[in-house]
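**Q** One structure, as structure tokens, below. Some questions next.
The values are calculated or read from the model by the stated rules, or taken from the named source; none is laboratory data. Note that the structure is a prediction, hence the values are computed from the model and not measured. Note that we place each Cβ from the backbone using ideal geometry, even for glycine, and neighbour counts take in every protein chain shown.
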Amino acid sequence: MAIWRIKCTSCGKIREIDLGYNLFEFKKIFLYCPYCKKNTFNEVIEAIEEAQFPQSSS
Ligand SMILES: [Zn+2]
């Protein structure tokens, strides 16, 4: 599993998602954006290794 940082191309918000497949195969993915409250295209920015991801984030 990996955590991916993605950016909504509609509102520009960056967020992290936890997905079990390799998003580098996709330049953009169509996903639900909680800020836009609808499905939008999201740019894949980078992968965040779980070990480096701070547990304190809510
Ligand atoms: Zn959005």
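**Q** Which residues, counting only those in segment 3-45, are surrounded by fewer than 12 Cβ atoms within 10 Å (Cβ to Cβ) and away from the ligand (no atom under 11 Å from the Cβ)?
**A** Asp18, Gly20, Tyr21, Asn22, Phe24, Glu25, Lys27, Phe30
**Q** Tally the residues that are within 13 Å of Ala2 (Cα to Cα), part of a strand (DSSP E or B) and free of Cβ contacts under 8 Å to residues at least 24 places away in the same chain, restricting the search to segment 12-48.
**A** The number of residues fulfilling the criteria is 3.
**Q** Could you grab me the full set of residues in segment 31-54 that are at pLDDT 95 or above and of a type in the set (A, V, I, L, M, F, W, C)?
**A** Cys33, Cys36, Phe41
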